[in-house]
Amino acid sequence: MNRKLKVLFIAMMLVAAVFLSGCTDSHSVKENNSSSDNSMEKVNPITEKENSSDDKPVSVAEDIGTNGTNESTPVYSLNDTNTTPNNTLNTTSSNTLNTTSNSTSYSNGNVSLSTRHSGSGHSSSSSSSETSDSDDTAELTDMAQRTVTIPTSENIEKISCLHPIPTYMTWRLAPEKLNSVDMVFNANPRLVPEDANETLNGLPVTGVFFKGMNQEQMLALDPDVIVSMTKDPNLDQEQSDYAAPVVAISKDNLTDYEQSFRLMGKVLGNEEEADELADYWNDSITKVTNITSTIPEDQRVKVYYASHDGPLSTVGPLTVMSSIIDLAGGVDLYDTNTTLTSTQKVDEHLVVNIEQVLLWNPDVIITKTETEKNTILNDTQWQSTNAVKNDRVYAAPRWESLDGIQSIMGLMWTAEKLYPDKVKFDFNNETRAFYSEFYNYDNITDEQIAETTA
């Protein structure tokens, strides 16, 4: 082969080599790009981190026996900062709680609240000095003077209560929203229509704030709102523990029930009936005080109230029982005592000694039970009191007691007992009207009206 042919052959070989090399590199790039795409489809770094067994959230639902898929029992998980599809307890700030799906976040101290719409990405917030710009929430001041943001009444489907008073009010004003009944309400007999009893007996039973609550049970019930009382010392903690806003109402004074009814009407979306009951309550008090307020101070009878703990257990001056005695025109044992602590003043189980009672020398003694009445009458230590000497020791009636919703009738009964010559009601008719209005119950008998607790 001559020199020219050799040069031409070598040039052709070089061109062929370059061409073949380019084809191989192009194919490799395509394979690599395809492999990378497939990898991205299979591995989302955010999803992978959430689903990793190493970073799996701790779920309360696992402890209470749910699988996390039941919509009525959402999963509450402890996470860092990510917003996940599940309801999460956000641990990024102290005393802060977040829930999704029309959830409300609370930061107690300066009760700040915000609502996030499920599936929307829109969120709004408010504090005690702001008004929420969301149609899904309403801000209110409860009777413990706490500013609380709750779902609007049409967005509230489930309410749980930590005391029998709000349990009753929820049943009376919006029974379909009652998510559970507390153990005290459940244990006490009640005069209600039979169909109402069947409904109430079918609901889950929870604890009460003064006996103890089950956090896991409350989380499983998943109420939209929880209602407790102003005497509950753990309102803000419960709001965090139970993953729902906690509203407080009051029964510290008989007059507080009126406002409690009105507040519950706003929460439950039944202000019309709530206001009717509140007006009835206020009118009943006025009916009594129009008479008893005219009694001169020096003619008011001295009263000793024995609570259910025994004859030597009474109540502080800032209790519903003491307020009833006051409104009925009496003077309670501790009305003028200035040595009581703030805790003792609201105590419904104050221990006293017989010397204190004898020194007080009550004109009238009211007991919670028939047993306590008989104990006092048969105990020689009590014989020197004016109440025993004048046969003015009374056991409060069972269905018109000095506590609970029936306490408005307890006021009428007490006023009649203290001043039988001045206060004259048709007590049986008043009681029938009360039970018809407040319990939708029209079958109470004269025997039941006169019945006392053993």
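Quick check on the stretch 237-245. Is at least one of its residues within 15 Å of the chain's Cα centre (by Cα) and of a type in the set (D, E, K, R)? Yes, that holds for at least one residue.
If you go through the stretch 306-321 and pick out every residue that is buried (at least 23 other Cβ atoms within 10 Å of the Cβ) and in a strand (DSSP E or B), you end up with 2.
Residues in the stretch 171-179: is at least one modelled with pLDDT of 95 or more and aromatic (Phe, Trp, Tyr)? Looking for residues that are modelled with pLDDT of 95 or more and aromatic (Phe, Trp, Tyr), one finds at least one in the stretch 171-179, hence yes. If you go through the stretch 249-266 and keep only what is crowded, with 23+ Cβ neighbours inside 10 Å and either touching a Pro at 6+ places or on another chain (Cβ under 9 Å) or among the hydroxyl-bearing types (Ser, Thr, Tyr) (or both), you end up with Ile249, Tyr257, Ser260, Met264. If you go through the stretch 322-349 and pick out every residue that is touching a residue at least 12 places away in the same chain (Cβ under 8 Å) and either assigned to a helix (DSSP H, G or I) or surrounded by fewer than 22 Cβ atoms within 10 Å (Cβ to Cβ) (or both), you end up with 15. Residue check: is Gln217 over 30 Å from Trp399 (Cβ atoms) and either without any contact (Cβ under 8 Å) to a residue 60 or more places away in the chain or assigned to a strand (DSSP E or B) (or both)? Judged against the criteria, Gln217 is not a match.
Being touching a Leu at 6+ places or on another chain (Cβ under 9 Å) and of a type in the set (A, V, I, L, M) holds for only one residue in Met213, Met183, and it is Met213.
Within the stretch 174-190, the only residue that satisfies the criterion of being within 20 Å of Arg432 (Cβ to Cβ) and either surrounded by fewer than 16 Cβ atoms within 10 Å (Cβ to Cβ) or outside the structural domain of Gly265 (by TED's automatic domain parsing) (or both) is Pro189.
Pull up the stretch 285-305, narrow it to residues that are more than 29 Å from the chain's Cα centre (by Cα) and aliphatic (A, V, I, L, M), then point me to the one that is surrounded by the most Cβ atoms within 10 Å (Cβ to Cβ). Only one residue fits best here, namely Val303.
Among the residues here, Asn378 does not qualify as out of contact with any strand residue (DSSP E or B) (no Cβ under 6 Å at 6 or more places or on another chain), touching a residue at least 40 places away in the same chain (Cβ under 8 Å) and loosely packed, with under 14 Cβ neighbours inside 10 Å.
Scanning the stretch 226-274 for residues that are among the basic types (Lys, Arg) and outside any loop (DSSP other than H, G, I, E, B), we see that the one that is farthest from Met321 (Cα to Cα) is Lys266. Would you confirm, using the coordinates I've provided, whether Asp222 is of a type outside the set (A, V, I, L, M, F, W, C), assigned by TED's automatic domain parsing to the domain that holds Val246 and at pLDDT 95 or above? Spelling it out, Asp222 is indeed of a type outside the set (A, V, I, L, M, F, W, C), assigned by TED's automatic domain parsing to the domain that holds Val246 and at pLDDT 95 or above. The residues of the stretch 370-414 that are of a type in the set (Val, Ile, Thr) and within 29 Å of the chain's Cα centre (by Cα), listed by number, are Ile405, Ile408. As for the stretch 270-284, it holds no residue that is within 27 Å of Glu154 (Cβ to Cβ), within 16 Å of the chain's Cα centre (by Cα) and surrounded by fewer than 21 Cβ atoms within 10 Å (Cβ to Cβ).
The numbered conditions (1) in a helix (DSSP H, G or I); (2) over 26 Å from Gly316 (Cβ atoms) are all true for Leu359 except (2). Go through the stretch 168-185 and count every residue that is under 20 Å from Asp275 (Cβ atoms) and in contact with a Cys (Cβ under 7 Å, 6 or more places away or on another chain). Summing the residues that are under 20 Å from Asp275 (Cβ atoms) and in contact with a Cys (Cβ under 7 Å, 6 or more places away or on another chain) in the stretch 168-185 gives 1.
The values are calculated or read from the model by the stated rules, or taken from the named source; none is laboratory data. Bear in mind the structure is a predicted one, so any value in this text is a computation, not a measurement. Note: ideal-geometry Cβ built from the backbone for every residue, glycine included; neighbour counts use all protein chains shown.
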